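The next block holds one structure in the form of structure tokens; read it before the comments.
Readers should treat all values here as calculations from the given coordinates under stated rules, not as data from a laboratory. Bear in mind that the values here come from a model prediction, so they are computed numbers and not experimental data. We place every Cβ from the backbone using ideal geometry, glycine too, and count neighbours over all the protein chains shown.
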Amino acid sequence: MVSKVNTITKKIADGSMALAILLLAMSAAFMIMQVLLRYLISFSFPWTEELSRYLMVYVTFFASAILLREDKNPRVDIIYMRLPKRVKFVFNTVFYLLILVLLAILFQQGLKAVLSSTGELTPSLRISWAIPYMAIPIGSIAMACQLPYLAIKNYRENWVKGGLDND
């Protein structure tokens, strides 16, 4: 069961990484194309900047899932590293529950934004605003899918192995 959770969450993280890299490359390509066209032939597409902006929003949400899995969130470790393992377990558990609540709110509000913007069009691309806003619920789900892995990892590192006898 534990290895199955790890496998599934790893596949989601790998998919998020692949999508983030692809979208980042696309955004960079559109921006390079825009600069070259503007300065070489004095012509530019009005939609490339807008598309690049929306792609970067998706990149940010997909990369956040990877950062969450790899525990690369910014924090001050000087105090945390000195805590006993059981205290770390409780601290991490509370932290992951707070993240889950935040992601649930983010998902709900993102879905609300998607549903309320389906009839509106973006300025340059003339696509539904729902498409850029979909980054919020999709990214929230990608991040939330990493929490079971983190909870199991926290349990194994700070409760089972650590125990009170090793502190």
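Taking the centroid of alpha carbons for each part, the stretch 124-149 and the stretch 90-121 are 10 Å apart.
One quarter of the surface of the convex hull around the alpha-carbon atoms of the stretch 1-42 equals 2.3 nm², the direction-averaged projected area.
Counting each pair of different Cα atoms once, what's the Kirkwood radius of the chain in Å, rounded to one decimal? Let's see the in-between values first.
Working: mean 1/r = 0.0545 Å⁻¹.
Final number for the Kirkwood radius of the chain is 18.3 Å.
Considering every alpha-carbon pair of the stretch 64-120, the percent of pairs per 10 Å bin, from zero through the bin containing the longest distance, is 19, 37, 25, 13, 6, 1. Each peptide in 34-44, 18-28, 129-139 gets a packing score, the mean of other Cβ atoms within 10 Å over its residues, and the list from highest to lowest is 129-139, 18-28, 34-44. Taking packing as the residue-averaged number of other Cβ atoms within 10 angstrom, the listed peptides 59-65, 88-94 run from highest to lowest as 59-65, 88-94.
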